[in-house]
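One structure is given below, encoded as structure tokens.
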Amino acid sequence: MPDPLEGFRPESGRVAERLRDEIIDGVREPGSRLVEREIAEQLGVSRIPVRDALRVLVAEGLVTPRPRSWAVVREFSASDIADLREVRSAFEALTFRLAAERRSPEGLRRLHRVLDAEWEAARAGDPLRARRAAADFHEVVTELAANDLLAELQRTLRSRMRWLLVQHDDLVAVAQEHQELYDAIAARDSRSVAALVARHLQTSSNLAAEHGAASSG
């Protein structure tokens with residue numbers, strides 16, 4: 001008999017996913033208020049799952065709590081971003097190297113599907129889909145690394161890293177660098193992967209600075 005609870009997701013999980021996507025995609029801007037009553041009305045749910053969802057997002061580092069029944073979308077300081085970039089640099093240097101050494105045919109097929117989706121969105125000028133696919137690319141690379149502890153660390157940092165990874169506007173440039181990384185991983189070329197990761201990190205930093213300037217201008 002099928003399990004009636006199979007596939008069941010609590011309301012709070014669905015609310016958290018909706019708010020998380022809106023924060024990472026920039027729909028809810030840094031510093032904007034997250035009021036339980038207002039969100040509950042917008043999403044057609046009670047305040048309890050909204051409260052639970054906000055607690056999850058606070059733990060993920062995307063939301064800053066305030067007294068009583070509201071919170072704000074986190075405003076990442078320059079220091080916060082510098083910390084994230086340092087962690088990303090160390091994490092990806094190891095993750096991409098292991099992916100090149102350990103990738104499987106099925107893993108490469110998954111990575112190629114994500115890359116195809118990113119190229120399609122980038123060429124269509126669809127920033128939302130392109131940025132999401134770009135972040136997905138990094139997550140699939142972590143899967144290819146086949147290291148349980150790295151995967152655990154990735155889950156802990158996932159929301160903040162996805163936020164960091166979507167801070168760019170040159171969709172084609174990012175897709176091109178991902179293409180080169182994919183080719184090096186497919187060829188098991190660890191030396192090229194190391195150089196490409198270093199370049200990709202610098203490109204991401206430069207594009208994020210341009211994105212921030214454009215957003216504040």
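Using a probe of 1.4 Å on the protein chains alone, the accessible area found for F91 is around 40 Å². Here the chain is treated with +1 on each Lys and Arg Cβ and -1 on each Asp and Glu Cβ, and its dipole about the Cα centre works out to around 420 debye.
Label-to-label distance, A198 versus D83, with points set 7 angstrom from Cα along the beta-carbon direction: 2.8 nm. Taken as entire DSSP H runs, the helices of the chain that both span 30 Å or more between Cα atoms along their own long axis and average 0.0 or more on the Kyte-Doolittle scale are 190-216. From the alpha carbon centroid of region 41-64 to that of region 138-217 is 28 Å.
So for region 111-217, considering every pair of alpha-carbon atoms, how many percent are separated by more than 21 Å?
Working: 1986 of 5671 pairs.
Taking all Cα-Cα pairs of region 111-217, the fraction more than 21 Å apart is 35 percent.
For L34, the residues 5 or more places off, or on other chains, whose built amide H falls under 5 Å of its own are A71, V72, V73.
With R₀ set to 25 Å, the beta-carbon distance separating N206 from R102 gives a calculated FRET efficiency near 0.25.
Which whole-number percent gives the relative contact order of the chain, counting Cα pairs below 8 Å spaced six or more residues apart? Don't jump to the answer; show the numbers that get you there.
Working: 241 pairs, mean separation 44.8, N = 217.
Rounded, it is 21 percent for the chain.
Once R0 is set to 22 Å, what does the formula 1/(1 + (r/R0)^6) return for the Cβ-Cβ distance between A214 and T64, expressed as a FRET efficiency to the nearest 0.05? All intermediate terms of the calculation are to be shown ahead of the outcome.
Details: r = 24 Å, r/R0 = 1.11.
FRET efficiency, A214 to T64: 0.35.
Summing Lys and Arg as +1 and Asp and Glu as -1 over all other residues whose Cβ lies under 13 Å from the Cβ of Q176 gives a net charge of -3. Just the protein heavy atoms count here, and of the accessible area of region 113-217 at 1.4 Å, carbon and sulfur take up 50 percent.
Accessible area per residue was computed with a 1.4 Å probe on protein heavy atoms; D116 scores about 80 Å².
Modelled this way, with points 7 Å down the Cα-to-C-beta line, the labels at A151 and L94 are 1.6 nm from one another. Heavy-atom accessible surface of L164, to the nearest 10 Å², is about 10 Å², with a 1.4 Å probe and all protein chains retained. Panel values: region 52-130, Kirkwood radius from alpha carbon pairs, Stokes-Einstein at 10 °C and 1.306 mPa s, translational diffusion coefficient 98 µm²/s.
In terms of its Cα atoms, the chain spans 58, 53, 34 Å along the principal axes, sorted from long to short. Among D148, D52, D25, the largest mean-square fluctuation in a Gaussian network model of the chain (Cα springs under 10 Å) belongs to D148.
The values are calculated or read from the model by the stated rules, or taken from the named source; none is laboratory data. Since the structure is predicted, the reported quantities are computational estimates derived from the model, not experimental observations. Using ideal geometry, Cβ is built from the backbone for each residue, glycine included, and neighbour counts are taken over all protein chains shown. Remember, those area values only see protein heavy atoms, side chains included, never the ligands or the DNA or RNA. Shrake-Rupley method; radii C 1.70, N 1.55, O 1.52, S 1.80 Å.
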